[in-house]
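J.: Sending over a structure as structure tokens; questions will come in a sec.
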Amino acid sequence: TQLLEQSPQFLSIQEGENLTVYCNSSSVFSSLQWYRQEPGEGPVLLVTVVTGGEVKKLKRLTFQFGDARKDSSLHITAAQPGDTGLYLCIGTQGGSEKLVFGKGTKLTVNP
Amino acid sequence: KAGVTQTPRYLIKTRGQQVTLSCSPISGHRSVSWYQQTPGQGLQFLFEYFSETQRNKGNFPGRFSGRQFSNSRSEMNVSTLELGDSALYLCASTLGGALYGGYTFGSGTRLTVV
């Protein structure tokens, strides 16, 4: 059972466009982390959200944690080719550090 | 500071063989976890070690095993390799988990079983 559903699975856009990807669950998470993974490399942490309703910004990337802490979104403004990669959301539940994974959104930004 | 180092980066093995992968965590990180990543299944948790003790284990067969040394370096071993074991194997280290700095992943070992 995949506890974290990411959508869309694939996204191909032109440079300069805006986009939003989603990470949804019916379960409550104590934290959600977003990572970006480039081909042949390991995931790199972008942000951690822990409070319901929290919004964090990282340059052109805006992350939001749902009020009920069951979902999260990542919005990219004016996407650039360097944003290309696999965006993964990873959650933690309760006091356990056993991680729950989404399958990722593969983003391609074409010049 | 040095990141998480995984060796080797690429490996080709034959069915039935065994393989050992190595992971050196960030200095000071005592928790090391291992993951299997495939296009179909995404990331799947294998196991986590903390101070040489296995703290959590995922749903993988006993052919997958690991250990951690006193310097926090970790190895994972896969015996009797199957074609389906072909994957990117990632390890990650952390100082205090998701809420304290998150997880730092290595670049992975790409294992191909033929």
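The values are calculated or read from the model by the stated rules, or taken from the named source; none is laboratory data. All of these numbers come straight from a predicted model, not from anything done at the bench. Positions of Cβ are generated from backbone atoms using ideal geometry, with glycine treated the same way; all protein chains shown enter the neighbour counts. These accessible areas exclude ligands, DNA and RNA; they are computed on the full protein's heavy atoms, side chains included. Shrake-Rupley method; radii C 1.70, N 1.55, O 1.52, S 1.80 Å.
J.: Please give the contour-minus-distance gain from residue A:17 to residue A:75: 0.36 nm per residue of separation, less the Cα-Cα distance, rounded to one decimal in nm.
T.: On the way: separation 58, 0.36 × 58 = 20.88 nm, distance 1.09 nm.
This chain segment gains 19.8 nm when fully extended.
J.: May I pose another question? Give the accessible area for residue B:13 in Å² (nearest 10); use a 1.4 Å probe, count only protein heavy atoms, and leave out ligands, DNA and RNA.
T.: 50
J.: How high is the relative contact order of chain B, in percent, with contacts defined as C-alpha pairs under 8 Å that are six or more residues apart?
T.: Numbers: 291 pairs, mean separation 40.8, N = 114.
Across chain B, relative contact order equals 36 percent.
J.: Sorted by accessible area with a 1.4 angstrom probe, largest first, how do B:9, B:63 fall? Numbers along the way, then the final one.
T.: On the way: B:9 85, B:63 45 Å².
Accessible-area ranking of B:9, B:63, largest first: B:9, B:63.
J.: I've got another one for you. For a quick check, take a GNM of chain B with Cα springs below 10 Å and name the residue from B:44, B:68, B:36 with the largest mean-square fluctuation.
T.: Answer for the Gaussian network model of chain B: B:44.
J.: If you don't mind, another one. Roughly to the nearest percent, how much of the accessible area of chain A is carbon and sulfur, given a 1.4 Å probe?
T.: On the way: 2620 of 5260 Å².
So the carbon and sulfur contribution to the accessible surface is 50 percent.
J.: Averaged over its residues, how many other protein chain Cβ atoms are within 10 Å of peptide A:42-53's Cβ atoms?
T.: Per residue, the average neighbour count from other chains is 4.
J.: Next question, about the same structure. Rounded to the nearest Å, what's the spacing between the alpha carbon centres of the range B:8-76 and the range A:22-60? Just the number, please.
T.: When both Cα centres are located, 23 Å separates them.
J.: Okay, moving on. Just grab the label-to-label distance for residue B:56 and residue B:44, each label 7 Å out from Cα along the Cβ direction, in nm (one decimal).
T.: 1.7
J.: Return, ordered by residue number, the residues of the range B:76-99 whose backbone nitrogen is under 15 Å from a label point located 7 Å along Cα→Cβ of residue B:18.
T.: B:76-82
J.: Tell me the relative contact order for chain A as a rounded percent, counting alpha carbon contacts under 8 Å between residues six or more apart. Mind showing how you got there, number by number?
T.: Working: 292 pairs, mean separation 40.7, N = 111.
Normalised by residue count, the contact order of chain A is 37 percent.
J.: Count of lysine pairs in the protein assembly as shown with Cα atoms under 28 Å apart, counting only pairs 8 or more residues apart in sequence or on different chains?
T.: So the count of such lysine pairs works out to 25.
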